Amino acid sequence: MHLYDRVAGLFGTNGIVGAGIGHAVGIGLAQRIQGLDGIGVAFFGDGATNHGAFHESLNLAAVLRAPAVFVCENNLYATATPLSQVTLNPDIASKAKSYGMPGLAVDGNDVLAVWQAMGEAAERARSGGGPTLIEARTYRTVGHHEGDPVTGTYRTQAEVDEWLQRDPIDLFRRRLLSEFGTATPEDIAAIEARVEAVVADALAFARAAPEPDPATARRHVLADPLNPPPALDRRSPGSMRVQGWLEAVRDGIAEEMRANSAILYFGEGIGERGAASPTPRVFGPSSEASVLLIPRSPSKASPLRLLAPRPRERAACPT
Amino acid sequence: MFADFAFETAGQIVLQAAKLRYMSNGALSAPVVVRAGAGALRSAGPHHSGSYHPVFAHMPGLIVCVPSNPADAKGLMKTALRASDPVLMLEPKGLFASRGEVPEGEHYVPFGVARLARAGRDLTIVAAGQMVPRALEAAESLSSENIEAEVIDLRTILPLDVATIMDSLRRTHRLLVVDEAWAMCGLGGEIAQAVNELAWDELDAPVARLHTAPVSHPFAPVLERSVLVDVPRIVRAARDLIAGLVPVPDHWMTTGLSADTTLAPLPSLSRTRRPLRRPRPAKGSRSHALWRSNRLAWHPRPLA
């Protein structure tokens, strides 16, 4: 938890249940607006699907056709709370239908089934087909946290034993060896030895790493310097003109959006209705037809990126 | 969006955007501008009237802007859209209908630089947002009484330009904070304490503060008017401050009940600790006599 690795594309193993689901939407949209083909992927548990963030994120992702994939690892328990006690619809994949996106339930302990579902969903996201919800039905055969009793409180030994028979790594190992015949026991042993060495190295590295210097504790709260360069250029203002508040702010936003094609503008009351926001008219030659209130694909041609859904632009719900 | 609605997504603002740079050790940041109409305007009611800048300024990792005029609103917005940190742009909707001179072309207002809105010699009024035009109106009224108020427009609540406030205080020696948000853990207390720490010797009177009364915004216009800071209240507070009178606010919601001491007995003189020592008064003094007679505890300034 609380891990980030930009190089690996890890945007955070969030400490707040459900909070990272929306980030996948934002990351996907950010990729698209920059003309990149990356997608946002959120991993979360069954407990998160009753959080408002899950529903809000899926809805927005669908309506904006965000390049995102939502992967729910349904292991039947939110820490110690059984899924059946907190929803009358434990079929999580079916919730995708509410938001007009495909929902797939797969055997979460079948490595190839998950790989295949994810491949399809990622391809759909990349090609402009919008988001997908994948429910990987699985189980946690260990405690939720250090010291969490594996059985005896919210689960029985028989239930855990049954799932242990279907351990995804054991299953995949068996299939590679006997069903596909694509690996020998020596291959598997070499992979396992390599993984164990990686973990041992990481552990040794962490143990040998020095404690951080307390003098660094106040770094990275805000940018340093805090002000962006143009704000420090204290040129005396040129000519002035009298403007209303909303008009002045709208002009400022429009100027910045023209200068930076990666600015996205979300909100209620923006676009045609909002007097406070850049409208097609602000951009002069841009005709309304080129204004994408719901962008469906990377559109570098459009200088305006207002993302307020309008009924007539709403996408037909895919099933 | 109304500023009140920000709490619908407060977790994303204060737990995610604000902490992303720190949690990623500077590798990631959330360059997002949350633009919201803030403050009271014509009975918008309890869910459409709030000024919440102190709540957001409390959280490390957020920049909080409360502009007071069209030029600053545009300039701060342009800076916010160039910045790489999350910015709360709380625009007083009571000023949406206002007009003003706006520089043409590129115009950026830096974060953390207050604006001297009016020069004066007798007291300093610190304000932000729609309190700035009210403070200026009050200052004009005070001027007719030969009280010249200096008015400082903070522009950003975080970063807070304490240097400009202290500079002004060194000229005027009196400070009145006028803020539309509530007083509890708020801007008035924050600035007063900054003065304690940075310029206490400059004060000719305690720092005064005016805030919206500690209630949700009532709907009835007459009730709403009774809880907001208006020009007459600013004028009165400034006059009182010049006279050395500072209003004692009532936002603490004191109960009148005495402190619960049942679980906290007075510290005993433990053998492992040095006994508490009080200085003894000089022999022959009146306080020495009182101390000797044990009639009352010795006090460095004996009662007359």
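General observations
- R0 of 51 Å, Cβ-Cβ distance A:A193-A:S261: FRET efficiency to nearest 0.05: 0.55
- Note on segment B:39-187: Cα convex hull, mean projected area over all directions, 9.7 nm².
- Summarising the overall dimensions of segment A:1-97 from its C-alpha atoms, the Rg and Dmax are 13.9, 44 angstrom.
- Estimated at 0.36 nm per residue, the fully extended path between A:V150 and A:I16 surpasses their Cα-Cα distance by 45.9 nm.
- Remark: mean inter-chain Cβ contacts per residue of B:81-94 equal 3, using a 10 Å Cβ-Cβ cutoff to other protein chain atoms.
- Overall shape of the protein assembly as shown was characterised from the C-alpha gyration tensor. The equivalent ellipsoid obtained from it has semi-axes of 53, 38, 22 Å, in decreasing order.
- Choice from B:L223, B:L257, B:L123 with maximal GNM fluctuation in chain B (Cα, 10 Å cutoff): B:L257
- Within the straight-line cut-off of under 18 Å between alpha carbons, none of the aspartates and glutamates are reachable from B:K283, sequence neighbours fewer than 8 places apart in one chain being disregarded.
All of the numbers you see were taken from the coordinates with simple rules; none came from a lab. Note that this is a predicted model, so its numbers are computed, not measured. Here the Cβ is made from the backbone with ideal geometry for all residues, glycine too, and neighbour counts use every protein chain on show.
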